[in-house]
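The structure appears below as structure tokens.
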Amino acid sequence: MKMMRGEVSAKTTYQRTANGPVSIAEANPEGKFIMLENNPSGGIRKEINLDGWKIRRVLDNKKRGAHEYTFRNYSLKPNKSVKIFARSMAGQAGPNDLVFRDAEDWGAGSEVVTTLINDKGEVSRSAQLDSCTKRPRLPGR
């Protein structure tokens, strides 16, 4: 039996857009959690009421299977962050974190778009993670 070595390459890009003080600070690529932060700009430090806001995570352009979390009775203080853990990771949640009980995980894919939508239905923040893995290239091909 002859063994051949191949090469695997991967490329990951991360893009963020912003509108307002609350941002998607981190969207874990494995779907464990999403972290939001309240970073006020212009010296205005304000607590943001997230009641009715939503986080939507779409995998590989499949809007039908999108995960959507709605905040209820939650405010984010200035210069603070909150992680929203998927149900399978609830054991890692700290006392100030939240758990998305409707989904085992936030999902993972080659193109992941995580969007924060305010209570008026306007996109406040968006984060996109693109991962492209090329198949192994065998020598002589």
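If you go through the range 63-110 and keep only what is farther than 12 Å from M35 by Cβ and of a type in the set (K, R), you end up with K63, R64, R72, K77, R87, R101. Scanning the range 94-115 for residues that are under 9 Å from the mean Cα position of the chain (by Cα) and aliphatic (A, V, I, L, M) gives V112, V113. Among the residues making up the range 17-68, those that are in a strand (DSSP E or B), surrounded by 13 or more Cβ atoms within 10 Å (Cβ to Cβ) and of a type in the set (G, A, S) are A18, S23, A25, A27, A66.
Taking the stated definitions as given, is R5 out of contact with any Phe, Trp or Tyr (no Cβ under 7 Å at 6 or more places or on another chain) and modelled with pLDDT of 95 or more? Show your work before the answer.
Details: out of contact with any Phe, Trp or Tyr (no Cβ under 7 Å at 6 or more places or on another chain): yes; modelled with pLDDT of 95 or more: no.
The answer is no for R5.
Number of residues in the range 70-107 that are open to solvent by less than 60 Å² (accessible area, probe 1.4 Å), in contact with a Gly (Cβ under 7 Å, 6 or more places away or on another chain) and at pLDDT below 95: the value is 2. Scan the range 108-141 for residues that are open to solvent by less than 30 Å² (accessible area, probe 1.4 Å), part of a strand (DSSP E or B) and at pLDDT 85 or above and the total you get is 5.
The values are calculated or read from the model by the stated rules, or taken from the named source; none is laboratory data. Quick caveat, the model's predicted, so the values are computed rather than measured. Virtual Cβ from ideal backbone geometry, glycine too; neighbours counted across all protein chains shown. To get the accessible areas, we keep the full protein, side chains included, count just its heavy atoms, and leave off ligands, DNA and RNA. Shrake-Rupley method; radii C 1.70, N 1.55, O 1.52, S 1.80 Å.
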